[in-house]
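As structure tokens, the structure follows; a few thoughts come after it.
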Amino acid sequence: MIIDEALRLYPPGAIVSRTAQNRDMLCGTPVHPGDTVMIPIYSLHRHRNLWEAPDSFVPERFADRKAVPRFSYFPFIDGPRICIGAQFALTEAVIILSTLLSRFKFTQVPGAIPSL
Ligand code: HEM
């Protein structure tokens, strides 16, 4: 949940693009073959219509993974060109986080208040 929430707030691939192969309509806007369609992952991950308190760090929002709409959250994008390292990256991140937490005690730097 912590890794998911970190990737929601700070997706390393903040924006990706796709080249349209065929005609389509996107929210009433025509898309022509060859057009570049930008997918603003960072903005979707913080969209007020999709998330409650979008700028807050709330790992619990991922407690029920099925409750998160598929196209509201995709740090690894989706579809045929989804990141092939997604599962590896998530496994690695959890191992790194649990290793650090088991070996170090993290404390707040006096006077340094994290802000959004
Ligand atoms: C937190 C870590 C990672 C994030 C957030 C991430 C995110 C992404 C995103 C958003 C894309 C799509 C880019 C695009 O289509 O423009 C992508 C593609 C890709 N990623 Fe990752 N990635 C991560 C880690 C990894 C790792 C660890 C590997 C390899 C071990 C990897 C291998 C790839 C490859 C090969 C592609 C291209 C897939 C394709 O186009 O068919 N990624 N990744």
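The values are calculated or read from the model by the stated rules, or taken from the named source; none is laboratory data. Predicted model only: the values in this text are computed from it and were never measured. All Cβ positions, glycine included, derive from the backbone under ideal geometry; neighbour counts span all protein chains shown. SASA here: full protein model, heavy atoms, side chains in, ligands and nucleic acids out. Shrake-Rupley method; radii C 1.70, N 1.55, O 1.52, S 1.80 Å.
Please indicate, with yes or no, whether at least one residue in region 5-15 is more than 30 Å from Ala63 (Cα to Cα) and of a type outside the set (Asp, Glu).
Checking region 5-15: not a single residue is more than 30 Å from Ala63 (Cα to Cα) and of a type outside the set (Asp, Glu).
Would you kindly identify the strands (runs of 3 or more DSSP E) lying entirely within region 15-98 that contain at least 1 residues that are open to solvent by 90 Å² or more (accessible area, probe 1.4 Å) and at pLDDT 95 or above?
By residue number, 16-19, 24-26, 36-39.
Can you tell me which residue among Ile2, Ile95, Ile39 is of a type outside the set (S, T, N, Q) and within 12 Å of the ligand (Cβ to nearest atom)?
When all the criteria are applied, what remains is Ile39.
Is it true that Pro40 is under 12 Å from Val16 (Cβ atoms), in contact (Cβ under 8 Å) with a residue 40 or more places away in the chain and of a type outside the set (Lys, Arg)?
Considered against the rule, which asks whether it is under 12 Å from Val16 (Cβ atoms), in contact (Cβ under 8 Å) with a residue 40 or more places away in the chain and of a type outside the set (Lys, Arg), Pro40 comes out as no.
Do we find a residue being of a type in the set (Ser, Thr, Tyr), closer than 18 Å to Asp78 by Cα and over 15 Å from the mean Cα position of the chain (by Cα) anywhere in region 37-57?
Checked against the condition, which is being of a type in the set (Ser, Thr, Tyr), closer than 18 Å to Asp78 by Cα and over 15 Å from the mean Cα position of the chain (by Cα), region 37-57 yields no hits at all.
Look through Asp64, Asp24 and report the one residue that is away from the ligand (no atom under 12 Å from the Cβ), within 21 Å of Ala6 (Cβ to Cβ) and acidic (Asp, Glu).
Exactly one of Asp64, Asp24 is away from the ligand (no atom under 12 Å from the Cβ), within 21 Å of Ala6 (Cβ to Cβ) and acidic (Asp, Glu), namely Asp64.
Can you find a residue that is at pLDDT 95 or above, open to solvent by 70 Å² or more (accessible area, probe 1.4 Å) and outside any helix (DSSP H, G or I) anywhere in region 104-114?
Yes, region 104-114 contains at least one residue that is at pLDDT 95 or above, open to solvent by 70 Å² or more (accessible area, probe 1.4 Å) and outside any helix (DSSP H, G or I).
How many residues are assigned to a loop (DSSP other than H, G, I, E, B) and touching a helix residue (DSSP H, G or I) at 6+ places or on another chain (Cβ under 7 Å) if we restrict to region 3-14?
Number satisfying all stated conditions: 3.
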